[in-house]
Amino acid sequence: MHMADALISPSVGCSMLAVTGAVILYSSKKIKEEFDDSRIPLMGVLGAFVFAAQMINFTIPLTGSSGHIGGGILLAILIGPYSAFLTITSILTIQALLFADGGILALGCNIFNLGFLPCFVSYPFVYKNIVKEGSSKTKIFTGATIASVLGLQLGALGVVLETVFSEISILPFDKFLILMLPIHLAIGIVEGLVTATIVTFILNAKPDINAYSYAPSVKKNIFAIFIVAALFTAGFFSWFASSLPDGLEWSISNVTVKEEISSKEEKIYSSLSNLQEKTSFFPDYNFKNDKEQGNIGTSVAGLIGVSITFITIALISLILKKLKDG
Amino acid sequence: MAKISSALFDIGYIDTLSRQNSLIHGIDTRVKVLTTLVFLITIVSFKTHEISSLFPFFIYPVFLIILADLPFSYFVRKIIIVSPFAVLIGILNPFIDQTIVLYIGKIGISGGLISFFNILLRFILTVLSALILVATSGFNNICIALEKLYVPKMLVIQLLFIYRYLFVLIKEASQMSKGRKLRTFNGKGMGIKVYASLIGHLLLRALNRAQRIHMAMLSRGFDGEIRTASNMKFDKKSFLFFILWSIVFLIMRIYNLPQIVGYFVVIILK
Amino acid sequence: MSHHIIEVNDLHYTYPDGTSALSGISFRITHGESVAIVGANAAGKSTLLLHLNGFITPNIGKIRIGDFSLTKKTLPMIRRTLGMVFQDPDDQLFMPTIYDDVAFGPINLGLSKEDVHNKVLDALSSVGILHLKDRPPYRLSGGERRAAAIATVIAMSPDILVMDEPTSNLDPKSRRNLIELLKTFKHTKIIATHDLDMAVDLCERVIVMHNGKIVADGSIMEIFQNDSILFSSHLEKPLRMQGCPKCQNSFIEK
Ligand SMILES: Nc1ncnc2c1ncn2[C@@H]1O[C@H](COP(=O)(O)OP(=O)(O)O)[C@@H](O)[C@H]1O
Ligand SMILES: [Mg+2]
């Protein structure tokens, strides 16, 4: 469920990037303070581990389909929330760059959904409340399962909110939520059980594993700070975005073909359907009355223009190839 | 399994592509990163009902692919592989918004369909630009460029480390899961118990390896700071690349070129 | 100044999980010697080597390297004197390119850019892989990777080279190349291995370990002729010393 660049607006993308960027800075500072330098290879190798583990699938019982672990909760339990967050951030960045799995601008959203939520919400508020120093194996198992399930639910909610705020997909909030949460509940339960099984396995095999995660407990208000900061930056970016293009469009419409932009804005979304019925496109398009003209002109001009664009790009690429080879 | 070997192959392939010599490969990686960002922001800033104005932007990926000697087919394959999520979300638009907003001949086009095409176009353009960035710069260079662009060093070092050990751990994982495959019969993936113990073993090995790497680092004087010998120089050519493309993007963002051209054609024909 | 470059005295070590790995190891190695440490799997070879570089602190026992006894304070100095080549080159090559990897140590020593550059080129040419300097480690063959790992250590100009199973996972040709390469090094060498043929090629002296103890220490030719020692420590006589008529016949037939 990696967010793609295609689904987000610049304001959502940029504000999430800005705020997760701040969390990255804060986490690196924390890690430097709290751990020695063995943390550097540890996080690196564990990141590669999660990456590799995600490529092996397990069978989801009864369905025959398969899933893989997310890794956020597992890492938070193993090496503490700050290191886990930074490691997940790196993994997501690599996935975005190497596999185009999740976009570059959408990176902030993905880091929030798959890194921040499990590490700084699900882990401290759920896992840490269930599992205390010296808790039994059953408690650890329960804690890991519930934390994973909740982490994935929150992540799915994050995807929905980011998509809805971006207004690229016109899926309404409630429908989208009903679509996403149950699917991710099913996946989450299996993933939670798997994560919990891995955690108990590793605790048995390496009882000194706590040594890796003697991390300071997360300040619980970090979540609140994050949300406020995100809303604030989002507000700023969307104000910026809304003031800028409009201004541009206004000034452009004065200098270029009149009606260019305004015709599209108004007329595409207004009641044209009845007027256009009789008009056919190529070859015998006609412009019968003034009212029609602007807007048939727009769509026809658009099609012609796109074709010409295609031809131009093809020509340019031919010329480039010639120039380069010759 | 198929997934593992194809991932390894893919990473290796991008790596090979990024090691070619071309005009584009020679441009400063920082500049390519920044240009990609400008491109991405420009693309996502389009409103959802715009289609024609997005087409001119294909000039950027096409230009780079040709000058950098990259294979078109590779990008087509990649785009198809990663498309499901974006397409899944986008494909709902035509069902939600069925108001007809324009006619082409007798065929009515709904607002939802238009926004779906818009999402597809955005998707192809953004994915292309990201893939091209890596294929013309190489992952390691991008990391170094990010550091020079003030991305926290801790994160950059993580990126380098993960990328380095990705190859080692994916190989280890694939050997282990191959061993597993040989011992299971339905060949359909595996149950949770078996899976968890396989991943657990992989994890144990990873933890031990991290310890050994740390030893190897310490024995060569590691003191917590990783210093590299790399250097990057800004040259005029790279600077020009950034400025020119940014201007082109801006022009294509402000003016709907196909619309304008088409308009003139219509007027002339009339 | 002692003329023993390495002195190990009554070393005992038990891992935190209770596995006893070393029980009473003592030996001395003089300047310029090449010593093989042989023993079956789990004999304790790797554990012993990790002690020499201070990665494991012994439960009981003392170690002297050069002029210093091994303590926290002398550790950085000792790590410069004693270069360790790990069993898996992937553990040792952690930087993006071979060049960066070899430069890692010299840069940490605080050398100037130019000196670092020269050190790197020298080290890479001494192991014969100068042409691979810009490759990432995952783009090298097993033998090349091993050579690169050795170069990273050589670049630190150590007096002593310590190697853990240097010929494991190498094909015959890379193994041969490696042996020829190691012959050219004038360092004091300690090589843990169960490749007894390589041991014969490179070392005059052998220390045989079994179950965390030294069962023999002396001239390699003598000890490898002693079937009872080899048998009791689960080792096999090197092929070339077996002199078995049957194998020779089969060689001739082919
Ligand atoms: N990290 C470790 N934790 C616990 N036991 C270990 C560890 N490493 C090695 N051992 C045990 O110590 C003994 C000696 O191992 P090692 O020194 O690796 O032998 P060798 O290198 O000769 O094969 C073995 O029984 C092994 O299982
Ligand atoms: Mg060993």
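Can you pull out every residue in the range C:146-170 that is away from ligand 2 (no atom under 16 Å from the Cβ), out of contact with any Asp or Glu (no Cβ under 7 Å at 6 or more places or on another chain) and not β-branched (V, I, T)?
Residues satisfying the conditions are C:A147, C:A151, C:A155, C:M156, C:S157, C:P158, C:D159, C:L161.
Please specify each residue of the range C:12-26 satisfying the condition of being at negative phi and either away from ligand 1 (no atom under 12 Å from the Cβ) or not in a strand (DSSP E or B) (or both).
C:H12, C:Y15, C:P16, C:D17, C:T19, C:S26
Filter the range C:120-152 down to the residues that are more than 11 Å from chain B (Cβ to nearest Cβ) and more than 25 Å from C:T167 (Cβ to Cβ) and list them by number.
Within the range C:120-152, just C:L121 meets the criteria.
The rows are residues; the columns are (1) at the interface with chain B (Cβ under 9 Å from one of its Cβ atoms); (2) closer than 30 Å to A:I140 by Cβ; (3) open to solvent by 10 Å² or more (accessible area, probe 1.4 Å).
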residue	(1), (2), (3)
A:L17	no, no, yes
A:S27	yes, yes, no
A:F58	yes, yes, no
A:S90	yes, yes, no
A:D101	yes, no, yes
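Limited to the range A:188-200, what total is found for residues that are open to solvent by 60 Å² or more (accessible area, probe 1.4 Å) and either closer than 16 Å to A:L154 by Cβ or without any contact (Cβ under 8 Å) to a residue 40 or more places away in the chain (or both)?
1
Give me a count of the residues in the range C:147-166 that are farther than 20 Å from C:H31 by Cα and either surrounded by fewer than 22 Cβ atoms within 10 Å (Cβ to Cβ) or among the hydroxyl-bearing types (S, T, Y) (or both).
Residues meeting the conditions: 2.
Select from the range A:183-198 the residues that are more than 9 Å from chain B (Cβ to nearest Cβ) and under 13 Å from A:I77 (Cβ atoms) and list them in ascending order.
A:G192
Within the range B:243-251, is even one residue facing chain A (nearest Cβ under 7 Å) and not in a loop (DSSP other than H, G, I, E, B)?
Checked against the condition, which is being facing chain A (nearest Cβ under 7 Å) and not in a loop (DSSP other than H, G, I, E, B), the range B:243-251 yields no hits at all.
Go through (1) open to solvent by 50 Å² or more (accessible area, probe 1.4 Å); (2) hydrophobic (A, V, I, L, M, F, W, C); (3) over 27 Å from C:R146 (Cβ atoms) one by one and return the number of the condition C:L11 breaks.
Unmet for C:L11, out of (1) open to solvent by 50 Å² or more (accessible area, probe 1.4 Å); (2) hydrophobic (A, V, I, L, M, F, W, C); (3) over 27 Å from C:R146 (Cβ atoms): (1).
Could you pull out every one of the helices (runs of 4 or more DSSP H) wholly within the range A:59-138 that has 1 or more residues that are of a type in the set (F, W, Y)?
By residue number, A:81-99.
If we keep just the residues of the range B:191-229 that are facing chain C (nearest Cβ under 8 Å) and assigned to a helix (DSSP H, G or I), which is nearest to C:L75 (Cα to Cα)?
B:L218
From the list C:I63, C:I37, C:I5, C:I29, exactly one residue is within 13 Å of ligand 1 (Cβ to nearest atom), more than 14 Å from chain B (Cβ to nearest Cβ), open to solvent by less than 40 Å² (accessible area, probe 1.4 Å) and within 18 Å of C:K189 (Cα to Cα). Which is it?
Every option except C:I37 fails the conditions.
With the checklist (1) open to solvent by 40 Å² or more (accessible area, probe 1.4 Å); (2) away from ligand 2 (no atom under 16 Å from the Cβ) in hand, flag the one item C:T74 doesn't pass.
Result: C:T74 passes all but (1).
For the range B:72-83, which positions are out of contact with any helix residue (DSSP H, G or I) (no Cβ under 7 Å at 6 or more places or on another chain) and touching a residue at least 12 places away in the same chain (Cβ under 8 Å)?
Selection gives B:Y74 alone.
If a residue must be open to solvent by 10 Å² or more (accessible area, probe 1.4 Å) and in a loop (DSSP other than H, G, I, E, B), how many such residues does the range A:5-15 contain?
Result for the range A:5-15: 1.
Restricting to the range C:89-101, count the residues that are more than 7 Å from chain B (Cβ to nearest Cβ) and either under 17 Å from the mean Cα position of the chain (by Cα) or assigned to a strand (DSSP E or B) (or both).
Total meeting the criteria: 2.
Of all residues in the range B:1-21, which are over 30 Å from A:T59 (Cα atoms) and either among the basic types (K, R) or surrounded by fewer than 19 Cβ atoms within 10 Å (Cβ to Cβ) (or both)?
Result: B:T16, B:R19, B:Q20, B:N21.
Given B:I24, B:I65, which one is buried (at least 16 other Cβ atoms within 10 Å of the Cβ) and either more than 10 Å from every other protein chain (Cβ to nearest Cβ) or among the basic types (K, R) (or both)?
Of the residues listed, the single one that is buried (at least 16 other Cβ atoms within 10 Å of the Cβ) and either more than 10 Å from every other protein chain (Cβ to nearest Cβ) or among the basic types (K, R) (or both) is B:I24.
Could you check C:F94 against (1) within 16 Å of ligand 2 (Cβ to nearest atom); (2) crowded, with 21+ Cβ neighbours inside 10 Å; (3) at negative phi and say which number it fails?
(1)
Only residues that are assigned to a helix (DSSP H, G or I), among the small types (G, A, S) and crowded, with 20+ Cβ neighbours inside 10 Å: list them for the range C:167-208, please.
C:A199
Does A:I146 satisfy being touching a helix residue (DSSP H, G or I) at 6+ places or on another chain (Cβ under 6 Å), crowded, with 21+ Cβ neighbours inside 10 Å and assigned to a helix (DSSP H, G or I)?
Answer is no for this residue.
Just to verify a result, which residue in the range A:149-161, among those that are open to solvent by less than 10 Å² (accessible area, probe 1.4 Å) and touching a residue at least 24 places away in the same chain (Cβ under 8 Å), is farthest from the other protein chains (Cβ to nearest Cβ)?
The extreme case among them is A:G151.
Checking the structure you have, find out if any residue of the range C:171-185 is within 16 Å of ligand 2 (Cβ to nearest atom) and either free of Cβ contacts under 8 Å to residues at least 40 places away in the same chain or within 14 Å of chain B (Cβ to nearest Cβ) (or both).
no
Only residues that are more than 6 Å from ligand 1 (Cβ to nearest atom) and within 14 Å of chain B (Cβ to nearest Cβ): list them for the range C:40-53, please.
Across the range C:40-53, the qualifying residues are C:L49, C:L50, C:H51, C:L52, C:N53.
Residues of the range C:102-114 being modelled with pLDDT under 95, more than 9 Å from chain B (Cβ to nearest Cβ) and either assigned to a helix (DSSP H, G or I) or in contact with an Asp or Glu (Cβ under 6 Å, 6 or more places away or on another chain) (or both), which ones?
Selection gives C:E114 alone.
The values are calculated or read from the model by the stated rules, or taken from the named source; none is laboratory data. Just so we're clear, the structure is a prediction, and the values are computed from it rather than from any experiment. Using ideal geometry, Cβ is built from the backbone for each residue, glycine included, and neighbour counts are taken over all protein chains shown. These area figures cover heavy atoms from the full protein model, side chains too; ligands, DNA and RNA do not enter into them. Shrake-Rupley method; radii C 1.70, N 1.55, O 1.52, S 1.80 Å.
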